[in-house]
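Participant: The structure is given below, and queries will be raised subsequently.
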Amino acid sequence: MTRRSRPTPNPQSLLARQGGRAASVAARFAAALALALGVAACSPAAPREYAGHGEAVEVDASARTVTLEHEDIPDLMKGMTMTFHVAPNVDLETLAPGTEVDFRLSDAGDGLTVVEIRPATP
Ligand SMILES: [Cu+2]
């Protein structure tokens, strides 16, 4: 009766197998991370911003509003005259009616807000 020796596992190939498993876990983790980041980028909580140009027709520093006769705002609206809310950190005291301005609007889902407005640069 002969005793067959069991093939001993080659330590090299065992290591390689474990390394492969680790790599596959890392790949899966990377895929999950990319998915999470993609979801965050598409989140409705992320405010959209738009750049505009026009004239400050009326400035109400106490009401925190500015009425702008603005040109077309790409991806948002055609040119028109309308009143916007202005973010608290924007200085309206130095903005005189009749000034030609460049401005930025933010839409965080609760309406448009002017987050930056400055005399237009030629
Ligand atoms: Cu408008």
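The values are calculated or read from the model by the stated rules, or taken from the named source; none is laboratory data. Everything quoted here is computed from the prediction, not taken from an experiment. So basically every Cβ, Gly included, is an ideal-geometry build from the backbone, and we count neighbours across all protein chains shown.
Participant: When you look at Asp102, is it within 10 Å of Ala56 (Cα to Cα) and acidic (Asp, Glu), yes or no?
Facilitator: On the way: within 10 Å of Ala56 (Cα to Cα): yes; acidic (Asp, Glu): yes.
The answer is yes for Asp102.
Participant: While we're looking at this one, here's another question. Go through Ala63, Ala32, Ala51, Ala41 for me and flag whichever is surrounded by 10 or more Cβ atoms within 10 Å (Cβ to Cβ), modelled with pLDDT under 95 and among the small types (Gly, Ala, Ser). Break it down into steps so the answer makes sense when it comes.
Facilitator: Values: Ala63 fails: modelled with pLDDT under 95; Ala51 fails: modelled with pLDDT under 95; Ala41 fails: surrounded by 10 or more Cβ atoms within 10 Å (Cβ to Cβ).
Step by step, each of Ala63, Ala32, Ala51, Ala41 is checked, and only Ala32 is surrounded by 10 or more Cβ atoms within 10 Å (Cβ to Cβ), modelled with pLDDT under 95 and among the small types (Gly, Ala, Ser).
Participant: Looking at (1) in a strand (DSSP E or B); (2) within 17 Å of the chain's Cα centre (by Cα), which one does Ala56 not meet, given that it meets all the others?
Facilitator: (2)
So that you can scan it fast, the table gives a plain yes or no per residue for (1) modelled with pLDDT of 95 or more; (2) within 13 Å of the ligand (Cβ to nearest atom); (3) aliphatic (A, V, I, L, M):
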| residue | (1), (2), (3) |
| --- | --- |
| Thr67 | yes, yes, no |
| Ile73 | yes, yes, yes |
| Met77 | yes, yes, yes |
| Val86 | yes, no, yes |
| Asn89 | yes, no, no |
| Leu92 | yes, no, yes |
| Gly98 | yes, no, no |
| Phe103 | yes, yes, no |
| Val114 | yes, yes, yes |
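Participant: For region 87-107, how many residues are of a type outside the set (D, E, K, R) and surrounded by 13 or more Cβ atoms within 10 Å (Cβ to Cβ)? Break it down into steps so the answer makes sense when it comes.
Facilitator: Filtering region 87-107 down to residues of a type outside the set (D, E, K, R) leaves 87-90, 92, 94-99, 101, 103, 105-106.
Then keep just the ones that are surrounded by 13 or more Cβ atoms within 10 Å (Cβ to Cβ); that gives 87, 90, 92, 95, 99, 101, 103, 105-106.
Result for region 87-107: 9.
Participant: Being in contact with a strand residue (DSSP E or B) (Cβ under 6 Å, 6 or more places away or on another chain) and either part of a loop (DSSP other than H, G, I, E, B) or surrounded by 14 or more Cβ atoms within 10 Å (Cβ to Cβ) (or both) is the requirement here; does Glu116 meet it? Full working, then the answer.
Facilitator: Numbers: in contact with a strand residue (DSSP E or B) (Cβ under 6 Å, 6 or more places away or on another chain): yes; either part of a loop (DSSP other than H, G, I, E, B) or surrounded by 14 or more Cβ atoms within 10 Å (Cβ to Cβ) (or both): yes.
The answer is yes for Glu116.
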